[in-house]
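Comments concern the structure below.
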Amino acid sequence: MEKNKKVIKPEFIFKKNKNKLAWRKIEDTLVLLYIPTNEIYELNRTGAYIWDKIDGKKNIKEIIVEMCTKFNINYTQNLKRDIIKFIEKLCKWDIIKIKK
């Protein structure tokens, strides 16, 4: 694990870094523009669903449970791990942050 890297936990709540972003949904893909560097990120259908659920109110576990219900999948440790990795990536890109 990297030094000073914060461990993401399922009870954490995140919010979008809206003042640094512009985004648009194009079919099943979400395209994000990180304004400070003009970097563009594409999120697939699953990533776009998680992005939509990051609202500063729901924690990661609640998002996973909603996702399982919507897509009729089982809540597993692998699913939780994969979603936390995705959340970590969004944090690394500075497009979401932990709600204080």
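Quick note: the coordinates plus some simple rules give every number you see, no bench work behind them. Keep in mind it's a predicted model, so treat the numbers as computed, not measured. For neighbour counting, all protein chains shown are included, and Cβ atoms are generated from backbone atoms with ideal geometry for every residue, glycine included.
Laid out as a table, the results:
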{"read-out": "Net lengthening on full extension, Lys99/Phe71 (0.36 nm per residue, minus Cα-Cα)", "value": "7.4 nm"}
{"read-out": "Within-13-Å neighbourhood charge of Lys100 [Cβ basis; K, R +1; D, E -1]", "value": "+4"}
{"read-out": "Cα-centre dipole for the chain with unit charges at Cβ (Lys and Arg positive, Asp and Glu negative), debye to 20", "value": "500 debye"}
{"read-out": "Rg/Rh ratio calculated on Cα atoms of the chain (Kirkwood radius)", "value": "0.95"}
{"read-out": "Residues whose placed amide H lies under 5 Å from that of Ile13, excluding near-sequence neighbours", "value": "Lys99"}
{"read-out": "Under the Karplus curve 6.51 cos²θ - 1.76 cosθ + 1.60, θ = phi - 60°, whole-Hz ³J(HN,Hα) for the stretch 66-76, x wherever Gly or Pro sits", "value": "4, 5, 4, 5, 4, 9, 6, 10, 8, 6, 10"}
